[in-house]
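Structure record follows, encoded as C-alpha cells.
Since every read-out is calculated from the coordinates, none of them should be taken as a lab result. A quick note: this is a predicted structure, and the numbers were derived from the prediction, not measured. As a convention, Cβ positions derive from the backbone with ideal geometry for all residues, glycine included, and neighbour counts pool all protein chains shown.
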Amino acid sequence: MTLVAGDVAVYKASVGITTNMKVDSTKWIAKSADSLGVHSIWIGEDIGIGQEVFSLTASCLLHSSRVRVGTGIVPMSVHNISTIARAALSLQEIANGRFVLGTGIGGLQDLHKLGIDLTKPVTVLRDTVSTLRKLWAGETVNTHNQLFELDNYNMRNTGEVQIPIFLGVRGPQMLRLSGQIADGVILSGPPDYLRDAVDEINKAARKVGRTPDMIEKVAWLPTIPTFKGGKEKLAKKVVSIVVADMPTAVIDMLSIDSEKINRLREAVARGGPNAGIPFVDNEMMDTFTISGDCNHMVNMFERIVQLGVTEVVLGPPFSGDWRGAMTDIFEEITSRRDK
C-alpha cells in the first residue's frame with residue numbers, strides 16, 4: 001500500500017530515459033539523480049537507435065551511487081536470451097545490487113517492422129522469466145520456443161544471483177502473468193487503464209498465493225513540462241507512438257472516440273510517428289500524457305499513485321530547459337513530503 005504523510009502520498013519518483021538520447025543528457029541525469037532524490041532511472045531501448053542499452057545502463061550505474069537503475073524495457077524479441085542473462089549478471093555485479101532487469105516482448109510497431117509475429121507471446125515471456133532465473137541460479141538449461149533455443153546451456157556462475165525482473169506489459173493476459181511471476185511491472189496508459197491494470201495484477205497475484213505488495217507497479221507515461229519551454233510537437237509525436245503501439249484490448253477500455261484512435265493509427269502505419277502528429281488533439285494529450293506546470297504535474301503524480309501504483313516516472317520527452325524543469329519537479333515532490 002502507498003504510505004501517506006499527512007495528506008501527501010509518499011511514493012517513489014523516478015526518471016525515464018531512452019537509448020536515443022545524447023550521452024551528455026543521460027550522463028547529467030545519472031550524475032544528478034542522487035542529489036535530486038530520484039529513486040530509479042529507467043532506460044527504454046529504442047531498437048537499433050542511439051546508445052547501446054547495456055552500455056548506457058552501466059554508464060548510469062557508474063555515474064551514480066545510490067539510485068536504482070533498470071532497463072525499461074529491453075525487448076527480449078530482439079536479443080539473444082543468453083546475452084541478456086550475461087549482461088544482467090555483469091550489471092548486477094557493477095551495481096552492487098542496484099540493477100533491475102525490465103524486459104518484455106516489445107512494441108507492436110517495432111515487431112511489425114522487424115517481421116516478428118508471435119503466436120504465443122504470453123508463453124514466450126513466461127519461458128523468458130523462468131529461463132533467466134534458472135541461469136542466474138547456475139542451472140543447466142534446455143528450452144525451446146518461438147524466439148529462442150538453449151541446449152544444455154550453463155553460464156558457469158558460482159552461487160545463485162538474485163536479479164529483480166520487471167515486465168513491461170499491457171494486455172490482460174500479460175498483466176495476469178506479471179501478477180503471477182514478476183517482481184514488478186512497468187505500466188503505461190491513461191488513468192482508467194492503470195486502475196484496471198493494477199486490479200488485474202493484484203487479482204492474479206492472490207490466485208497464486210502472492211500478496212499484491214510483492215509486485216512493484218511502475219507508471220511510466222509521457223511527461224511534458226510546459227513551464228520551461230517544452231515543445232508540444234515533440235509531445236504529440238510521443239503520443240502518436242504510444243497510441244499506435246497500444247493493443248486494441250487496451251484502447252477498448254477507454255472512453256475516447258475509437259474513430260480518432262483509428263485515424264491516428266492508420267496515419268502512423270503509413271508514414272511513421274510524425275504522420276500521426278496532426279491527429280493528436282487536446283483530449284488525446286490529456287488522456288495519454290502528464291503535462292502542464294510544476295504543481296499540476298506533481299498533482300497528477302499523486303492522483304496516479306492513488307490508483308495503486310508504487311512508483312511514477314518523469315520523462316521523456318525532454319525539450320526546452322528540461323534540466324530546470326526536472327529539478328523544479330523533484331524539489332516540489334520533496335517539499336510536499338517534508339510538510
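Assorted remarks:
- Most fluctuating residue given options 186, 116, 73, as computed from a GNM of the chain linking Cα atoms under 10 Å: 116
- Extreme residue, positive dipole direction of the chain, given options 58, 153, 185 (C-beta unit charges): 153
- Beta bridges by DSSP in region 3-338, antiparallel share as percent, to the nearest 5: 15
- Cα-based shape type of the chain, given that a ≥ b ≥ c are square roots of the gyration tensor eigenvalues and the cut on a/c is 1.5: rounded
- Listed pairs 113/134; 12/228; 207/260 exceeding 28 Å between Cα atoms: 113/134; 207/260
- Global geometry of region 227-339, whether rounded, prolate or oblate, following the gyration tensor of its Cα atoms and the 1.5 cut on a/c: oblate
- Placing dummy labels 7 Å off each Cα toward the beta-carbon, the span from residue 93 to residue 249 is 3.9 nm.
- Gain upon complete extension [residue 192, residue 158; 0.36 nm per residue less C-alpha separation]: 7.7 nm
- Distance between region 7-82 and region 92-151 - C-alpha centres, whole angstrom: 19
- Relative contact order %, the chain, counting alpha carbon pairs below 8 Å whose residues are six or more apart: 19
- Modelled FRET efficiency - R0 30 Å, residue 23 with residue 321, Cβ distances, 0.05 increments: 0.95
- FRET efficiency estimate (nearest 0.05) - Cβ-Cβ, residue 299 to residue 130, R0 35 angstrom: 0.30
- Length released on extending from residue 258 to residue 31, taking residue separation times 0.36 nm less the Cα-Cα span: 77.4 nm
- For the peptides 248-258, 220-230, the ranking by mean Cβ contacts within 10 Å, running from highest to lowest, is 220-230, 248-258.
- As a calculated quantity, the FRET efficiency between residue 214 and residue 86 at R0 = 25 Å, using C-beta atoms, amounts to about 0.40.
- Euclidean distance of C-alpha centroids, region 244-297 and region 310-339, integer Å: 24
- A crude spin-label estimate for the pair residue 117 and residue 231, with each label 7 Å from Cα along the Cβ direction, gives 3.7 nm.
- Peptides 190-197, 331-338 ordered by packing proxy, namely the average of other Cβ atoms within 10 Å per residue, highest first: 190-197, 331-338.
- Evaluating 6.51 cos²θ - 1.76 cosθ + 1.60 at θ = phi - 60° for every residue in region 234-250, the Karplus couplings come out as 5, 4, 5, 4, 5, 4, 5, 5, 4, 5, 5, 8, 6, x, 4, 4, 6 Hz, glycine and proline recorded as x.
- Rel. contact order, % - alpha carbon contacts under 8 angstrom, at least six apart, region 1-142: 19
- Estimated vicinal HN-Hα couplings, Hz - region 322-328 in sequence order (Karplus 6.51, -1.76, 1.60; Gly, Pro = x): 6, 4, x, 5, 4, 4, 4
- Phi to ³J(HN,Hα) by Karplus 6.51 cos²θ - 1.76 cosθ + 1.60 over region 21-37, Hz, x for Gly, Pro: 9, 6, 4, 5, 6, 5, 5, 4, 4, 5, 6, 8, 4, 4, 6, 6, x
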